[in-house]
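What follows is calculated from the coordinates using simple rules that are stated; it is not laboratory data. From a predicted model like this one, the values you see are computed outputs, not experimental measurements. Neighbour counts run over all protein chains shown; Cβ positions are idealised from the backbone, glycine included.
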């Protein structure tokens, strides 16, 4: 369980592309004391990029093969897929998948896990959200850091996703804005300093992300899921994208219509509707998304 590895910096435009291409070429790159210069960022920003590569599931650490001490950073299978199909992180499906990975990675992003799977606040301010996280950690018997650390984590999360209103003097070329804001999951009202949750737009959710999220969450390990359970299971698509049951069913119906026959099905069982999803690794769901996306572009 980790807090604060991001050095207070949300992901910025271009960061993951820079970091991922760097470690593909040189897995030991982040061992270089001058890696910040290579990336063209400050020292703490370089630490943040390394953290986000790991937290989003794009990279993982492994021991050096030549016997040297320490670990190097290499792309995961997901990382290699992104390098092949979306190296500049242009597709919404890539960001949705990375968001799902964050919510399902409590070791590196415990605050993300709590906020999108446990926290029920619909309208709140930053202080109330931080205090709610502190209460949750205390009540669950987990060792909580000091409140200031939690406040920084919450501030980073909210800054990552919240679109401010009124959206004054926004520069479309501003590279400091987090790409996760494209998901539309939070709104920040400047006048009241309040935040509001939003459902993700069903039309923006690739059908493959349904299977991807449920596989990453581990919810499919026991076979078919009751439809309501599939919607609200921790780490699943419904929780990650703040979908109500009706919107989740719309995503399921979209997947039934757009994916190959039998990939996603709603079946009746003893009067209860269950969700059946073809069993394949999360990376194959993401690759299927990229393949279908390429086919649509070529058509």
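Give the order of 191, 246 when sorted by the count of other beta carbons within 10 angstrom, beginning with the fewest. Can you show the working numbers first?
Numbers: 191 7, 246 10.
Fewest to most other Cβ atoms nearby, the residues stand as 191, 246.
Please work out how much length the chain gains when fully extended from residue 80 to residue 276, using 0.36 nm per residue of separation minus the C-alpha to C-alpha distance, in nm with one decimal.
On the way: separation 196, 0.36 × 196 = 70.56 nm, distance 2.84 nm.
Between residue 80 and residue 276, full extension yields 67.7 nm more.
Relative contact order for the range 15-197 using alpha-carbon pairs under 8 Å, separation at least 6, rounded to a whole percent? Intermediate values should be presented prior to the final figure.
Working: 212 pairs, mean separation 29.1, N = 183.
Normalised by residue count, the contact order of the range 15-197 is 16 percent.
Below 8 Å, C-alpha to C-alpha, sequence gap of six or more: please give me the relative contact order for the range 113-235 in percent.
Worked out over the range 113-235, it gives 24 percent.
Pull out the extension gain between residue 176 and residue 139, defined as 0.36 nm times the separation in residues minus the alpha carbon to alpha carbon distance; nm, one decimal.
Full extension from residue 176 to residue 139 adds 9.7 nm.
Once Rg and Dmax of the Cα atoms in Å is worked out from the coordinates, which option in [x] 34.2, 102; [y] 18.8, 67; [z] 19.6, 63 does it equal?
This structure yields the entry labelled [z].
How many angstrom lie between the C-alpha centres of the range 106-134 and the range 190-205?
Rounded to whole Å, the Cα centres lie 15 Å apart.
What's the exposure ranking of 131, 208, 201, going from fewest to most Cβ atoms within 10 Å?
201, 131, 208
Quick check on the chain: helices-only [θ] at 222 nm, where DSSP H runs of length 4 and up contribute -39,500 (n - 2.57) each and the sum goes over total residues. Nearest 500, please.
-14500 deg cm²/dmol
Applying 1/(1 + (r/R0)^6) with R0 = 51 Å to the Cβ-Cβ distance of residue 191 and residue 28, what FRET efficiency is obtained, to the nearest 0.05? List each step's numbers first, then the result.
Working: r = 49 Å, r/R0 = 0.96.
It comes to 0.55.
Taking Cα pairs under 8 Å and at least six residues apart, what relative contact order does the range 202-298 come out at, in percent?
35
Please order 31, 18 by the number of other Cβ within 10 Å, starting at the fewest.
31, 18
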